[in-house]
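Read the structure below first, then the notes.
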Amino acid sequence: MKSNNLKIYCITHKYFSFLKKMNLQIIVGGAHYKKNIFPKNWLLDNKNKNISKKNFNFGTLTSIYWIWKNELKKYNKSDWVGICHYRRFWLKEKHNKKINFNNLKKNLLNTIPKNFKYDAIVVSPQNLTGYKTSKILKKGGKNLIKNPLILFNKKLHTINLHFDMFHIYDGLKKASNLMKKNEKQKFLTYINSETEYYPFSIFILKKSKFEKLCNDTFRWIFKCENLFNKEILKGYGQIRIFDFLAERYFSFWIKQNTSHKILPVIYIDPKNYKHNKII
């Protein structure tokens, strides 16, 4: 690839006809379990070196792993590699304010600006301080016993509290025990003090950063597999536990190891082309 070039991989779990029109490399996650016939130029995460069989609990991670192990060798150090999803797409910084499926393609981010001073691009952070009291009472019982002030102090609505409420109580804390000591302390400080994070496991990184992120993430995530009994995980928030662990780790790692810039992402419901929102 030419210097400063950009390649964005779009992860999907099923066929959507509009994806064929996008100037993106489509990769099918969980292809091990798919009987569909996909376009020949779409990548399947069950080919070559893969963990496609883990998709039920790993979600998007099986595709990110596949890209890391099978695609990165194509690129130069100065190239950029990005991740998006079939519902969330990276936009140019200066884009049309009214985007639909007719003009989406020409508004997609397709190059890194010259003299770009950063080595990572992230989506707008998700703020976690908007819980209603009823939601905390319903899902945060154990946290309330420890610290009733979470009902009144939004600064306590941290990444860790969010994970406890919507995924597995103490899940992040237990998983952090599998990190190296120095990283563990930084991670615990991060999840217990920050009230926002970069969501959706989408990002754009220089090749060298992408490679290092994947190496650090999967080394930790594979250790985490022994922490949680997959047989008793219930509901989407628990069944995809490793995907959600990685989502928080990606955000932590990018903040710790990169200079990064927020660029716009559009959410589009592929089943309802009129339902879209720029985030």
query = What residue, of ALA175, ALA120, is within 16 Å of ALA246 (Cα to Cα), of a type outside the set (Phe, Trp, Tyr) and in contact (Cβ under 8 Å) with a residue 24 or more places away in the chain?
reply = ALA175
task = Return only the number of the condition from (1) surrounded by 14 or more Cβ atoms within 10 Å (Cβ to Cβ); (2) in contact with a helix residue (DSSP H, G or I) (Cβ under 7 Å, 6 or more places away or on another chain) that THR133 does not satisfy.
result = (1)
task = Would you mind stating whether LEU213 is touching a Phe, Trp or Tyr at 6+ places or on another chain (Cβ under 6 Å), closer than 19 Å to HIS85 by Cα and among the hydrophobic types (A, V, I, L, M, F, W, C)?
result = yes
task = Check ASN36, ASN57, ASN46, ASN4 and return the single one that is over 16 Å from LEU205 (Cα atoms), among the polar types (S, T, N, Q) and modelled with pLDDT under 95.
result = ASN36
query = Can you name the residue in the stretch 124-141 that is among the β-branched types (Val, Ile, Thr) and over 21 Å from GLY235 (Cα atoms) and is also farthest from the chain's Cα centre (by Cα) among such residues?
reply = THR133
request  = Assess whether LYS14 counts as being of a type outside the set (Val, Ile, Thr) and under 20 Å from PHE210 (Cα atoms).
outcome  = no
remark   = Here the residues within the stretch 205-222 that are surrounded by 17 or more Cβ atoms within 10 Å (Cβ to Cβ) and either at pLDDT below 95 or among the aromatic types (Phe, Trp, Tyr) (or both) are PHE210, PHE218, TRP220
request  = Kindly indicate whether any position in the stretch 52-59 is surrounded by fewer than 14 Cβ atoms within 10 Å (Cβ to Cβ) and at positive phi.
outcome  = no
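The values are calculated or read from the model by the stated rules, or taken from the named source; none is laboratory data. Worth saying up front: this structure is predicted, and the values here are computed from it rather than measured. Backbone-built Cβ (ideal geometry, glycine too); neighbour counts: all protein chains shown.
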